[in-house]
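Visitor: Below is a structure I'd like to ask you about.
Laboratory data are not the source of any read-out in this text; all were calculated from the coordinates shown. In this text, all values refer to a predicted model and were calculated from it rather than measured experimentally. Glycine also receives a Cβ, built like all others from the backbone with ideal geometry; neighbour counts cover every protein chain displayed.
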Amino acid sequence: MKMKTKINYISALLLLLMVFTATSCLKDDPLVEWPDHNYIVEIADADHQFARNDQTVGTQVVYADILMNQCAVHASHITASFDVQLGINEDRIATYNTNNGLDGTVGKEKFVLMPAANYTLPASVTIDAGVKQKKFTVTVNTTGLTPGGKYLIPVEIKSVPAPYIISRNFGYINLLLTLKP
């Protein structure tokens, strides 16, 4: 019995030695060194999507008040206006479909890229000096689209001027449109 107790004490001491001398991941350098969180630019939307469902072919659909945000602590930190360049990232469509179990079978129809001729997306959004946020709008004309179709416009921040940084988590929004059959 004494031998078993002695082994337990030795095991406990070795465990404590490992715990207190091991290098912590908290002491490691970060993978990306953000110069200052005040410079991050994002599309402020928690679920990365803005949906318009059951729309009619031949109408205009507006996605209004999409919020572009510059993460400065105070608006006074934005000392000069700057442009945020927007664009489309088609890869986000496959990701969206996969993440939502849309495989193209009945009841699980996939979203497809909205034809560029059917929507207007601003090429850039200007965040003005002294302002942290700016809203923008995307307008869709559903004329010529397929009744019952499911369309997606994968809007993404493409570039910002230095020293600003595009948010890794909130640099995009998926604009979803489903049409009535």
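Visitor: When Rg is the radius of gyration of the Cα atoms in the stretch 112-179 and Rh is its Kirkwood radius, what does Rg/Rh come to?
Guide: With Rh from the inverse mean 1/r over Cα pairs, Rg/Rh is 1.05.
Visitor: Could you work out the pair-distance distribution P(r) of the stretch 37-179 from its alpha-carbon pairs, with 5 angstrom bin width and percents rounded to whole numbers?
Guide: Spelled out per bin, shortest first, that is 2, 9, 20, 20, 17, 13, 8, 6, 3, 1, 0.
Visitor: What's the extension gain from A46 to T120 if we count 0.36 nm per residue and subtract their Cα-Cα distance?
Guide: Roughly 24.3 nm would be gained on extension.
Visitor: While we're on this one: Chymotrypsin sites (Phe, Trp or Tyr not before Pro) within the stretch 108-176: which are DSSP loop residues with at most 14 other Cβ atoms inside 10 Å?
Guide: Sparse-neighbourhood loop chymotrypsin sites (Phe, Trp or Tyr not before Pro): none present.
Visitor: A further question on this structure: Would you please give the residues with an amide H less than 5 Å from that of S124, counting only those at least 5 places away or on a separate chain, with H modeled from the backbone geometry?
Guide: L86
Visitor: Still on this structure, please answer the following. Anything over 25 Å Cα to Cα? Flag those among K110/K134; K110/K180; K135/K158; K108/K135; K108/K180, in the order listed.
Guide: Result: K110/K134; K108/K135 exceed 25 Å.
Visitor: Trypsin sites (Lys or Arg not before Pro) within the stretch 91-126: which are DSSP loop residues with at most 16 other Cβ atoms inside 10 Å?
Guide: K108, K110
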